[in-house]
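Peer 1: Could you have a look at this structure, given as structure tokens, before my questions?
The values are calculated or read from the model by the stated rules, or taken from the named source; none is laboratory data. Values in this document were obtained by computation on a predicted structure and should not be read as measured data. Cβ: placed from backbone, ideal geometry, glycine included. Neighbour counts: every protein chain shown. Side chains included, ligands, DNA and RNA excluded: accessible areas come from the protein's heavy atoms. Shrake-Rupley method; radii C 1.70, N 1.55, O 1.52, S 1.80 Å.
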Amino acid sequence: MTVVFVVLLGKFGVNAQSPNSYCPQKIGMIQGDPLAVPAKEILLKVYKKLGCNIKVVPLPGARGILHFNKKLVDGELYRLPLAEKAYERTFVRSLVPLFKLTNAVWENPDYNISSKKPLGYVRGIKWHEEYVQNHFLDMQKIAQFNSEDKMYEAFNRGIIGAFLSEKQTVKLLSEDGRLTVSPRLKLTVESKPLYHYLNSKYSTFMADFSKVIEAEHPFSILE
């Protein structure tokens, strides 16, 4: 696959093109990702500031990339750069990250559960897949889920003893009471930037979007 990076040029706040050619129409977000909900609301405000109304559709992790490749969506709310190798269409990413994620391994504080139950991860979330591929040879020690919601539910029920997630997400879920078992941080994997992605035909819009993000830092509350 050949990835084409497009040089972004544009004047912030000026839209000389028709709305249909300047504005993306539909983008995907990862279904069941707790951070995606507040991130979507911030994104909608930035798009509106640029004169665009966008539809954001929740999709399972792997399906979001598939929908982009099949031209069913114009881009994705956010992804780690790891996802770029899976894109089959030309794309542009925001010149600056929306925010950074701290990826980590979390475990049940009860050793009898954490030591005997598998680790949960979500298919289609690239850093999950990469971590599992690099650290697990025994498939019985891992459990795959199609959404983060299902994974967290399994953790609450003691079906899995650990899971992969971001510090921001675990903090949000704990504050909302959606994690009935308080997970313990076992290992910090890495801190990585999340970028907004669009098809390369929206390069002018992405240039303007990037200028707003760089100037106003609206996503910083999620770090």
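Peer 1: Kindly indicate whether K150 is open to solvent by 80 Å² or more (accessible area, probe 1.4 Å) and part of a helix (DSSP H, G or I).
Peer 2: Yes; evaluated as a whole, the condition is true for this residue.
Peer 1: May I pose another question? In the stretch 18-49, what residues are part of a helix (DSSP H, G or I) and not aliphatic (A, V, I, L, M)?
Peer 2: Residues satisfying the conditions are P19, N20, S21, Y22, P38, K40, E41, K45, Y47, K48, K49.
Peer 1: (1) open to solvent by 70 Å² or more (accessible area, probe 1.4 Å); (2) modelled with pLDDT of 95 or more; (3) touching a Lys or Arg at 6+ places or on another chain (Cβ under 7 Å): which one isn't true of K48, the others all being true?
Peer 2: Every listed condition holds for K48 apart from (3).
Peer 1: Same structure, new question: If A143 passes every condition in (1) of a type in the set (G, A, S); (2) open to solvent by 30 Å² or more (accessible area, probe 1.4 Å); (3) free of Cβ contacts under 8 Å to residues at least 40 places away in the same chain but one, which one does it miss?
Peer 2: The failed condition is (2).
Peer 1: If you go through the stretch 96-114 one residue at a time, how many are touching a strand residue (DSSP E or B) at 6+ places or on another chain (Cβ under 6 Å) and open to solvent by 40 Å² or more (accessible area, probe 1.4 Å)?
Peer 2: Adding up the residues that qualify gives 3.
Peer 1: Residue check, R93 against (1) buried (at least 23 other Cβ atoms within 10 Å of the Cβ); (2) touching a helix residue (DSSP H, G or I) at 6+ places or on another chain (Cβ under 6 Å); (3) of a type outside the set (G, A, S), all met but one. Which one?
Peer 2: All conditions pass for R93, except number (2).
Peer 1: Additional query: Return a yes/no flag: does the stretch 181-197 have any residue that is of a type outside the set (D, E, K, R), open to solvent by less than 30 Å² (accessible area, probe 1.4 Å) and farther than 23 Å from F219 by Cβ.
Peer 2: yes
Peer 1: Any residue in the stretch 26-42 that is modelled with pLDDT under 90 sitting within a Cβ distance under 6 Å of a residue that is among the acidic types (D, E) and open to solvent by 30 Å² or more (accessible area, probe 1.4 Å)? List the pairs, counting only those 6 or more apart or interchain.
Peer 2: G32/D149
Peer 1: Follow-up question, since we're still on this one. Which residues, taken from the stretch 198-223, are of a type in the set (S, T, N, Q), out of contact with any helix residue (DSSP H, G or I) (no Cβ under 7 Å at 6 or more places or on another chain) and either assigned to a strand (DSSP E or B) or surrounded by 14 or more Cβ atoms within 10 Å (Cβ to Cβ) (or both)?
Peer 2: The answer is N199, S200, S203, S210.
Peer 1: Follow-up. Note down all Cβ pairs under 6 Å where the first residue falls in the stretch 51-80 and is closer than 19 Å to M206 by Cβ and outside any strand (DSSP E or B), the second is hydroxyl-bearing (S, T, Y) and at pLDDT 95 or above, and they're at least six residues apart or on different chains.
Peer 2: Filtered contacts from the stretch 51-80: I54/Y47.
Peer 1: Same structure again: Whether any residue in the stretch 14-23 is of a type outside the set (A, V, I, L, M, F, W, C) and either at pLDDT 95 or above or touching a strand residue (DSSP E or B) at 6+ places or on another chain (Cβ under 6 Å) (or both) is what I want to check.
Peer 2: Yes, that holds for at least one residue.
Peer 1: F68 passes all but one of (1) open to solvent by 20 Å² or more (accessible area, probe 1.4 Å); (2) in contact with an Asp or Glu (Cβ under 8 Å, 6 or more places away or on another chain); (3) within 20 Å of N146 (Cα to Cα); which number fails?
Peer 2: Every listed condition holds for F68 apart from (1).
Peer 1: Of the residues that sit in the stretch 156-180 and are of a type in the set (V, I, T) and over 14 Å from L101 (Cβ atoms), which one is least open to solvent (accessible area, probe 1.4 Å)?
Peer 2: Applying the filter and picking the extreme gives I160.
Peer 1: If you check L59 against the conditions, is it of a type in the set (A, V, I, L, M), open to solvent by 10 Å² or more (accessible area, probe 1.4 Å) and over 19 Å from V96 (Cα atoms)?
Peer 2: When the stated conditions are applied, L59 passes them.
Peer 1: Something else about it: Out of all the residues in the stretch 100-146, which are in a loop (DSSP other than H, G, I, E, B), at pLDDT 90 or above and farther than 18 Å from L187 by Cβ?
Peer 2: K116, R123, N146, listed by residue number.
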